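Only one structure is covered here, and it is reproduced in the block below.
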Amino acid sequence: MTASKQATDALAADLYAVVIHIHKDCNSDLFEAVGALDLTLTQIKLLHYLEEADEPLALKDAAALVQVSLPAASRLVDDLVRRRFAERNEDLEDRRMKRLSLTEAGSAVQRRLNAARLSGLTRFTESLSEPERELLQTAVAKLLERPEIADCRPEEQL
């Protein structure tokens with residue numbers, strides 16, 4: 001194994017430790033939010049995919065994304081539509097096909113889940129000493145130069 005590969009593997013292991021530590025703290029807030037919303041993890045995954053989609057998703061594509069059968073996807077979508085987290089409309093070109101999109105209420109669910117994740121990260125950064133916070137800020141600022149990372153910042157910090 002090359003020195004570069006060893007260094008990369010060591011950094012990945014160290015980053016894993018940090019992420020797991022942060023996750024342990026974030027999970028309680030996230031699980032509380034999920035419990036309050038009474039959504040399954042598959043529904044949460046589907047809401048995420050709907051939020052990321054550039055256009056409404058066909059039901060069969062949504063089923064494939066969350067890895068469930070078409071009948072199972074139809075049932076979970078029925079619940080999301082009933083709760084007004086998603087909309088189901090006929091495809092303009094093929095009326096037999098249904099297209100799914102996220103509603104404002106569905107977007108609010110995503111914001112609530114993201115806020116729960118962010119609260120754990122806030123507690124983590126508050127636990128750092130000033131020198132640790134400055135080092136982390138310097139490293140993160142460099143990473144935020146990558147647009148695909150910067151695009152993931154919470155809306156209120158864009």
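Computed from the coordinates by the stated procedures, all read-outs in this text should not be read as laboratory data. The structure presented is a predicted model; accordingly, all values stated were derived computationally and were not measured. Note that each Cβ is placed from the backbone with ideal geometry, even for glycine, and that neighbours are counted across all protein chains shown.
Miscellaneous remarks
- Close pairs from region 129-158: first in contact (Cβ under 8 Å) with a residue 24 or more places away in the chain, partner surrounded by 11 or more Cβ atoms within 10 Å (Cβ to Cβ) and among the hydrophobic types (A, V, I, L, M, F, W, C), Cβ under 7 Å, at least 6 apart: Pro154/Leu118
- Condition broken by Leu100, with the remaining ones in (1) part of a helix (DSSP H, G or I); (2) surrounded by 14 or more Cβ atoms within 10 Å (Cβ to Cβ) satisfied: (1)
- Among the residues of region 66-83, those that are farther than 15 Å from His48 by Cα and surrounded by fewer than 13 Cβ atoms within 10 Å (Cβ to Cβ) comprise Ser69, Leu70, Pro71, Arg75, Asp78, Arg82.
- Residue match in region 103-121 (condition: outside any helix (DSSP H, G or I) and in contact with a strand residue (DSSP E or B) (Cβ under 9 Å, 6 or more places away or on another chain)): yes
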